[in-house]
Amino acid sequence: MCDCDGYEAPPDRPADDADPCPFCGGSDTLLIRENLPHVSYVVCGGCAAEGPVGGTGATAIRLWNDRRKS
């Protein structure tokens with residue numbers, strides 16, 4: 001794991017504002033923040049689908065929600 005000049009990722013948390021998974025319909029989603037600055041994405045707890053990477057948690061959730069509409 002990279003310490004990236006002392007950067008420590010915040011803990012994963014439920015992605016409460018995320019839409020249900022576009023693949024399985026599950027609503028058990030997590031916002032994942034990697035140990036690299038500006039790397040966040042949503043993961044479905046039901047089928048393990050991963051959303052696009054966003055620079056912030058809010059961006060990752062928006063990208064996840066936009067993907068559902070396409």
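Observations on the structure shown:
- Pairs linking a residue in the range 29-43 that is farther than 11 Å from Pro14 by Cα and in a strand (DSSP E or B) to a residue that is open to solvent by 30 Å² or more (accessible area, probe 1.4 Å) and of a type in the set (A, V, I, L, M, F, W, C), with Cβ atoms under 9 Å and 6 or more positions apart or on different chains, are Arg33/Val39; Ser40/Val53; Ser40/Ala58; Tyr41/Val53; Tyr41/Leu63.
- Boolean, Arg33 is crowded, with 17+ Cβ neighbours inside 10 Å and at pLDDT below 90: yes
- Residue that is nearest to Arg67 (Cα to Cα), among those in the range 18-51 that are charged (D, E, K, R) and touching a Gly at 6+ places or on another chain (Cβ under 9 Å): Asp28
The values are calculated or read from the model by the stated rules, or taken from the named source; none is laboratory data. Fair warning: this is a prediction, and the values are worked out from it, not measured in the lab. All Cβ positions, glycine included, derive from the backbone under ideal geometry; neighbour counts span all protein chains shown. SASA here: full protein model, heavy atoms, side chains in, ligands and nucleic acids out. Shrake-Rupley method; radii C 1.70, N 1.55, O 1.52, S 1.80 Å.
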